[in-house]
Amino acid sequence: MNTQIILAQMLMLFAMMLTGYAIWKKEWFDESAYQKLSKIVVNILNPILVINGVAGKDAKGDTRLILLNLVFVAAFYLLLILAGILFVWILRPVKSQRRLYRLMTIFPNVGFMGIPVITGIFGNETMIYIVFYMLGYNLLLYTYGLALARKAAKDAGRAPEGSSKGNWKRMLNAGVVSAILAVIIFLFQIPLPAPVVSFCDYMGNATIPLSMLLIGMSIAKADLKEVFTNRKIYMFTVMKMALLPAALVFLLKPLQLDPVVSGIFILQLAMPVGSIVTLIAKENGADEITCTNGIVLSTLASILTIPLICMFL
């Protein structure tokens, strides 16, 4: 794997984040505009990008790899749940933050960062493998993830906001629907009209730069002094972004599995903390500042750690 190409890809994404950072600092965006753009990317552009990734792709001969990918997806979330427990045991954070560290471990940025990085390295045809990670992500987030956030609020002595009823309805969001549609289109080889494919291509291509701009703005909004002086967040970032994916690289290498499917698994493990974690924590009355610190530091670290991990794939 060409490390120079991967590093160039990460630097390009970093430049987009830096642009978002500058936009926020110049006050060209406010919180209202940020939230509106985020909704557009999450609910419209990202789902279109998912559909575009499978449009016109041939499913013949991929059944074995798809089944292998499903095994990896199941192993991915089981491993992260166990890793979250282990990280808390090692770091010993205060009680109110323990479940938040688990939340940050279990829910990496498989979409905003995962899609541009993985498709940039392995090609757009790998989108069919990524959609299964996104499906699992949403199903787990609105069940186990919400439960962790609500318990974290109780640990902090706060009453969780809202009601846990109706969480199943939230699982049926644009991301889940687009992932299911992508699987159906791919498996049943449903042809899409040329204008639809062109529309998905143009709209989907807007997702990556806008996503990076949003990540850059979220970094600009954070208290960087607090981020860079938090020792436990540093330790967490090293374990999450470097040690865990590196350990899996050396465990899987002797098995000589498909390099693309196993590579996607490793890269998803190496993704920074997902931005949705802060929203889930805040919405349920938990300490969102801890999550924000984890997101910012792990995102910045990913510029270096992802190319390093790719060197060993």
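The conditions are (1) open to solvent by 20 Å² or more (accessible area, probe 1.4 Å); (2) within 17 Å of the chain's Cα centre (by Cα); (3) more than 24 Å from Ile233 (Cα to Cα), and Arg64 fails exactly one of them. Which is it?
Of (1) open to solvent by 20 Å² or more (accessible area, probe 1.4 Å); (2) within 17 Å of the chain's Cα centre (by Cα); (3) more than 24 Å from Ile233 (Cα to Cα), only one is false for Arg64: (2).
Residue by residue through segment 141-159, note down the ones that are open to solvent by 20 Å² or more (accessible area, probe 1.4 Å), of a type outside the set (Phe, Trp, Tyr) and in contact with a helix residue (DSSP H, G or I) (Cβ under 6 Å, 6 or more places away or on another chain).
Residues of segment 141-159 that are open to solvent by 20 Å² or more (accessible area, probe 1.4 Å), as a first pass: 142-144, 147, 150-151, 154-159.
Narrowing the set further to residues that are of a type outside the set (Phe, Trp, Tyr) leaves 143, 147, 150-151, 154-159.
Matches in segment 141-159: Lys151, Asp155, Ala156.
Step by step: first the residues of segment 178-188, then only those that are open to solvent by 60 Å² or more (accessible area, probe 1.4 Å) and at pLDDT 80 or above, then the one that is farthest from the chain's Cα centre (by Cα). Which residue is that?
So the first thing to find is which residues in segment 178-188 are open to solvent by 60 Å² or more (accessible area, probe 1.4 Å), and the list is 180-181, 184, 187-188.
Filter once more, keeping what is at pLDDT 80 or above: 180-181, 184, 188.
Working: Ile180: 18, Leu181: 20, Ile184: 23, Phe188: 27 Å.
Residue satisfying both the conditions and the ranking: Phe188.
Which pairs turn up if I take residues in segment 26-46 that are in a loop (DSSP other than H, G, I, E, B) and look for partners that are open to solvent by less than 70 Å² (accessible area, probe 1.4 Å) and among the hydrophobic types (A, V, I, L, M, F, W, C) with beta carbon separation below 7 Å, at least 6 apart in sequence or on another chain?
Phe29/Ile23; Phe29/Met217
In the set Ala8, Ala33, Ala75, which member is out of contact with any strand residue (DSSP E or B) (no Cβ under 9 Å at 6 or more places or on another chain), small (Gly, Ala, Ser) and open to solvent by 50 Å² or more (accessible area, probe 1.4 Å)? Reasoning before the result, please.
Numbers: Ala33 fails: open to solvent by 50 Å² or more (accessible area, probe 1.4 Å); Ala75 fails: open to solvent by 50 Å² or more (accessible area, probe 1.4 Å).
Answer to the check: Ala8.
Is segment 303-313 home to any residue that is farther than 23 Å from Met12 by Cβ and open to solvent by less than 50 Å² (accessible area, probe 1.4 Å)? Full working, then the answer.
Taking segment 303-313 and keeping what is farther than 23 Å from Met12 by Cβ, we get none.
The answer is no, given that none of the residues of segment 303-313 is farther than 23 Å from Met12 by Cβ and open to solvent by less than 50 Å² (accessible area, probe 1.4 Å).
Consider Pro116 carefully, then state whether it is open to solvent by less than 30 Å² (accessible area, probe 1.4 Å), assigned to a loop (DSSP other than H, G, I, E, B), under 24 Å from Leu297 (Cβ atoms) and touching a residue at least 24 places away in the same chain (Cβ under 8 Å). Talk me through it step by step, then tell me what you get.
Numbers: open to solvent by less than 30 Å² (accessible area, probe 1.4 Å): yes; assigned to a loop (DSSP other than H, G, I, E, B): no; under 24 Å from Leu297 (Cβ atoms): yes; touching a residue at least 24 places away in the same chain (Cβ under 8 Å): yes.
For Pro116, the condition - open to solvent by less than 30 Å² (accessible area, probe 1.4 Å), assigned to a loop (DSSP other than H, G, I, E, B), under 24 Å from Leu297 (Cβ atoms) and touching a residue at least 24 places away in the same chain (Cβ under 8 Å) - is not met.
Go through segment 194-313 and tell me which helices (runs of 4 or more DSSP H), entirely inside it, have 2 or more residues that are aromatic (Phe, Trp, Tyr) and under 24 Å from Leu82 (Cβ atoms). Walk me through how you get there before you give the answer.
Values: elements: 194-205, 207-221, 224-228, 231-238, 244-252, 259-269, 276-283, 288-310.
Filter on segment 194-313 gives 231-238.
The values are calculated or read from the model by the stated rules, or taken from the named source; none is laboratory data. Since the model is a prediction, treat every value here as computed from it, not as a measurement. Every residue, glycine among them, receives a Cβ derived from its backbone with ideal geometry; neighbour counts consider all protein chains shown. Surface areas here come from the heavy atoms of the whole protein model, side chains and all, with no ligands, DNA or RNA. Shrake-Rupley method; radii C 1.70, N 1.55, O 1.52, S 1.80 Å.
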